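Throughout, read-outs are computed from the coordinates displayed, never taken from laboratory work. A quick note: this is a predicted structure, and the numbers were derived from the prediction, not measured. All Cβ positions, even for glycine, are placed from backbone atoms using ideal geometry, and neighbour counts span all protein chains on display.
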Amino acid sequence: MKCASCTKKDCFNGKDCLENREEIKELYREGEIDLLKASSAIEARYYMEKTRIEEVILFSKEINYKKIGMAFCVGLEQEAHQIQKIFKKQFKVYSVCCKVCGIGKADFKLEQIDKKSYESMCNPLGQASILNEKNTDLNIIIGLCIGHDILFTRHSEAPVTTLVVKDRVLAHNPLGAVYSKYYQNKL
């Protein structure tokens, strides 16, 4: 599959390029269909009108989520605090920063930024475990590092969505590299 290189996108109008539509449709069970319905409802009702934060709130209400978990990078603690205040108006919110438990990088022989001082590692399994204990309905990633986001998602019992993708160079806007000719040439 190389859909990113396809210039036609005939699937947009119903073409089944792989001729496996019925097989793929069978993958969708009751839980997945519920998520699809909620997501389609939000898209249809608020297309190009709501921010991602507003969409998360609307989606969560549509699916009847009550408890929201936030797994955030300590470097985005101010943003996480603001986001938590917004979500607290509607939901029970639990938040866990990436350095939870203060486990040293040296404990797992991880590479350090500054080898002369103590560095706590990011702890995505700890974040997932803590939010799993709270039995959250939805977990939201706010700026976890690459790899840490994968581990968190893999170990979260609740569905996960990403609100903020970490990109320290481009103010947490990874698409900036695609939109900038300077970065396109650099990449």
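DSSP beta bridges confined to the chain are antiparallel in about 5 percent of cases. Placing unit charges on each Cβ (+1 for Lys and Arg, -1 for Asp and Glu) gives the chain a dipole about its Cα centre, and among 145, 180, 129 the Cα reaching farthest toward its positive end belongs to 180. For the chain, the cysteines with no partner cysteine C-beta closer than 4.7 Å are 3, 6, 11, 17, 73, 97, 101, 145.
Extension gain for residue 135-residue 10 works out to 40.9 nm (0.36 nm per residue, less the C-alpha to C-alpha distance).
Give the calculated FRET efficiency between residue 154 and residue 22 to the nearest 0.05, with a Förster radius of 25 Å applied to their Cβ-Cβ distance. Approximately 0.25, to the nearest 0.05.
Among the trypsin sites (Lys or Arg not before Pro) found in the stretch 82-155, those both in a DSSP coil and sparsely packed, with 12 or fewer other Cβ atoms within 10 Å of their Cβ, are 89, 109, 115, 116.
With contacts taken as Cα pairs under 8 Å and at least 6 residues apart, the stretch 29-91 reaches a relative contact order of 33 percent.
Under a Cβ-Cβ cut-off of 12 Å, what is the net charge of the residues other than residue 33 that fall near it, where Lys and Arg count +1 and Asp and Glu count -1? Counting the neighbours of residue 33, the net charge comes to -1. Checked against a 19 Å cut-off, the cross-linked pairs 105/134; 67/89; 99/166; 61/85; 37/166; 61/92 give Cα-Cα distances beyond that limit for 105/134; 37/166.
Candidate values (1) 16.8; (2) 19.1; (3) 19.7 were compared with Kirkwood radius over Cα pairs in Å computed on the shown model; the agreeing label is (2). Where the centroid of each part is defined by its Cα atoms, how far is the stretch 153-173 from the stretch 83-148 in Å? Between the Cα centres of the stretch 153-173 and the stretch 83-148 lies a distance of 11 Å.
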